[in-house]
1. Could you go through the stretch 182-190 and let me know if any residue there is touching a helix residue (DSSP H, G or I) at 6+ places or on another chain (Cβ under 8 Å) and closer than 19 Å to N132 by Cα.
2. Within the stretch 193-208, take every residue that is buried (at least 17 other Cβ atoms within 10 Å of the Cβ) and under 21 Å from the mean Cα position of the chain (by Cα) and give me the one that is farthest from A159 (Cα to Cα).
3. Does I145 qualify as being in contact with a Cys (Cβ under 9 Å, 6 or more places away or on another chain), at pLDDT 90 or above and closer than 28 Å to L86 by Cα?
4. Among the helices (runs of 4 or more DSSP H) lying completely within the stretch 38-146, list those that include at least 2 residues that are closer than 18 Å to L24 by Cα.
5. In the stretch 126-141, what residues are buried (at least 18 other Cβ atoms within 10 Å of the Cβ) and not aliphatic (A, V, I, L, M)?
6. Please enumerate the residues belonging to the stretch 178-192 that are at pLDDT 90 or above and either assigned to a loop (DSSP other than H, G, I, E, B) or surrounded by 15 or more Cβ atoms within 10 Å (Cβ to Cβ) (or both).
7. Would you tally the residues in the stretch 73-97 being within 22 Å of G23 (Cβ to Cβ), touching a residue at least 60 places away in the same chain (Cβ under 8 Å) and open to solvent by 60 Å² or more (accessible area, probe 1.4 Å)?
Amino acid sequence: MIKKYKKTLIVTSLVLLIPVIVGLLLWNQLPDPMPSHWNIHGEVDGWSSKAFSVFGLPALMLALQWVCLFACTADPKYANYNSKMLNLALWICPAIGLILCCMVYPQAMGYSVPIEVIMPLVMGVLFIVVGNWLPKCQQTYTMGIKLPWTFASEENWNATHRFGGKVWVIGGIITVLTAFFGSFWLLMVILVLMVILPTIYSYLYYRNHEKECKDGK
């Protein structure tokens, strides 16, 4: 099964190694330790060794990439996977890795990086992409909105993912806007709603469907 995605896996794995190459080229210009965490105001409040930042972080992203692929291909419902869906999933880690590279290295070299603007923008775009993908996601154990009620029936799964897709797209758009409002707490509220609303919808759909089945009897 992995052979089917061998080309994409090789390309994305090589992309994940780009931060290592950049780090080696900039090695003498990078401080030790390097910034690795920012607070809600975009200020550095966490540090990691140069070796971990250049080698360890990309290695962790690469390991996560492979773990995700193995988890997906080992899914009992693997037959429900859409090739475009899995290819999209394989590009998430490389994209995040490159974005982190573009934030960490300049910040370490003394340049001002507006993390508080970049992160909501990146998160918002990711939410919009996932939101557009959710309605196309078929029932699996590793991807999608995995709840007891969505697994109870394909109808619930499909309805919840159509609704969840709309919620995530709207949430993504608002998240992008928070990059310019600078509202951390608004972002937190959006994230909570993006999880809670599809959950409530799925449960209510299950209850209503269960009631209809009983009435039908």
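1. Yes, the stretch 182-190 contains a residue that is touching a helix residue (DSSP H, G or I) at 6+ places or on another chain (Cβ under 8 Å) and closer than 19 Å to N132 by Cα.
2. M194
3. Values: in contact with a Cys (Cβ under 9 Å, 6 or more places away or on another chain): yes; at pLDDT 90 or above: yes; closer than 28 Å to L86 by Cα: yes.
Against the criterion (in contact with a Cys (Cβ under 9 Å, 6 or more places away or on another chain), at pLDDT 90 or above and closer than 28 Å to L86 by Cα), I145 qualifies.
4. On the way: elements: 57-73, 83-108, 115-133.
Those helices (runs of 4 or more DSSP H) span 57-73, 83-108.
5. From the stretch 126-141, those buried (at least 18 other Cβ atoms within 10 Å of the Cβ) are 127-128, 130-131, 133-134, 137, 140; that's our starting set.
Hits for the stretch 126-141 are F127, G131, W133, C137, T140.
6. Within the stretch 178-192, just I190 meets the criteria.
7. Within the stretch 73-97, the subset within 22 Å of G23 (Cβ to Cβ) is 91-97.
Filter once more, keeping what is touching a residue at least 60 places away in the same chain (Cβ under 8 Å): 91, 93-94, 97.
Add one more test, that the residue is open to solvent by 60 Å² or more (accessible area, probe 1.4 Å), and what stays is 91.
Going through the stretch 73-97 one residue at a time, the tally reaches 1.
This table checks each residue for (1) in contact with a Phe, Trp or Tyr (Cβ under 9 Å, 6 or more places away or on another chain); (2) open to solvent by 50 Å² or more (accessible area, probe 1.4 Å); (3) more than 22 Å from E116 (Cα to Cα).
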site: G23; (1), (2), (3): yes, no, yes
site: W27; (1), (2), (3): no, yes, yes
site: L30; (1), (2), (3): yes, no, yes
site: N39; (1), (2), (3): no, no, no
site: G42; (1), (2), (3): no, no, no
site: D45; (1), (2), (3): yes, yes, no
site: S49; (1), (2), (3): no, yes, yes
site: S53; (1), (2), (3): yes, no, no
site: L62; (1), (2), (3): no, no, yes
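The values are calculated or read from the model by the stated rules, or taken from the named source; none is laboratory data. Just so we're clear, the structure is a prediction, and the values are computed from it rather than from any experiment. Glycine gets a Cβ as well: all are built from the backbone with ideal geometry, and neighbour counts include every protein chain shown. The protein model used for the area step is the full one, side chains on, heavy atoms only, and it has no ligands, DNA or RNA in it. Shrake-Rupley method; radii C 1.70, N 1.55, O 1.52, S 1.80 Å.
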